[in-house]
1. Which whole-number percentage describes the relative contact order of the chain, with Cα contacts under 8 Å and a sequence gap of 6 or more?
2. Expected output is a single nm value to one decimal: the length gained when fully extending between residue 172 and residue 96, i.e. 0.36 nm times separation in residues minus the C-alpha distance. What is it?
3. Test of understanding: in a Gaussian network model of the chain with alpha carbons linked when under 10 Å, which of 246, 44, 150 would top the mean-square fluctuation ranking?
4. Multiply the residue separation of residue 230 and residue 208 by 0.36 nm, subtract the distance between their alpha-carbon atoms, and state the gained length in nm to one decimal.
5. Taking Cα extents along the principal axes in Å as the quantity of interest, determine which of [x] 47, 46, 36; [y] 74, 57, 28; [z] 50, 42, 36 was computed from the displayed structure.
6. Name the residues of region 1-35 whose amide N is less than 12 Å from a point 7 angstrom out from the Cα of residue 47 along the C-beta direction?
7. Could you give the distance between the Cα centres of region 245-269 and region 72-127, to the whole Å?
8. So, in nm, how far is label residue 249 from label residue 9 when the simple model puts each one 7 Å beyond its Cα toward the Cβ?
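Every number in this text was worked out from the coordinates using simple rules, so none of it is lab data. Remember, it's a predicted structure, so these values are computed and weren't measured experimentally. No Cβ is skipped: glycine too gets one built from the backbone with ideal geometry, and neighbour counts run over all protein chains shown.
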C-alpha cells in the first residue's frame, strides 16, 4: 500500500480526501476502469438505485443513475466477464422484510453507452437475506463473500463465503468466515488485490462504523477463512463512520459522512 498504516490497539483516525462531488449522498463505492477511464458506482442514498461517477480532468463528475427509486438496491460490485462489465448487487425489488428477502442479482453495464441489461438472480448457495456481494478469485476458484442478515441458526450480520467455477455461479458450500472478532455487525467484505489483504466494516454503517483488516487462509478443500489483524482499526478524521472499504491503484477508499450526507473518500498519502 502507498499510504502509511499505523498499528494500534485503539482505532486510528486517518485523513481522507473527498472524491464524490457535493450534492450527492452516496455509499458503498466500487471503483473500476473501462476503456482507460476510471469510474465509481455507488448506492444512491438520496434517490435510491445506483449512481455512477466518472473521473474527468482530475475530478470526479456525476455520470448517470441506474434504477432510480429502487431503494433496496445496494452495494454494487463490478467485474469483467468475457469483455463485458457486470454489476452484482443486492436487491429486493421492494419486497419486505428486506433482511429476509434481500438477494444477489447481476446485470450487464456499459458506461460508455450508458446502458444496462436486465436484472438476473444469482444463486449464492443460501436462501436467507444476503447483501454486500464481493467476487474475487484465488487460484482457479471464484469466491463470493456476502453479508448474511438473516440466518436460520441465529447468526446476524456476519460475513459468509461460497465458491464457484464461474462468476455467475451457482455458488456452493457457503460458510461463515472464522477468525473475525464478533461485534454484532460485520459487513462489506472487500478483497484488496493491491496489498493482498481483505477489509470489512464493523458497527452501524450509518452511525459509528470502522474498518478492520485480515489475511485470507485456504484449507485443503479450498474453503477460506480470515486471520484478523487485531492491530488494524481504521476510522476517519471528521467523520463518524468509516465503512464499506473500496480500493483503487493501491489506495483505500471508504464511505464517510458529514452534515450533508454520505460521500466517498480516499485515504491521503
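1. On the way: 739 pairs, mean separation 53.0, N = 269.
With pairs under 8 Å counted, the relative contact order is 20 percent.
2. Roughly 24.8 nm would be gained on extension.
3. Looking only at 246, 44, 150, the biggest GNM fluctuation is shown by 150.
4. On the way: separation 22, 0.36 × 22 = 7.92 nm, distance 1.85 nm.
Using 0.36 nm per residue and subtracting the Cα-Cα distance, I get 6.1 nm.
5. Recomputing Cα extents along the principal axes in Å here picks out [x].
6. 24-25
7. 22
8. So the label points at residue 249 and residue 9 sit 3.9 nm apart.
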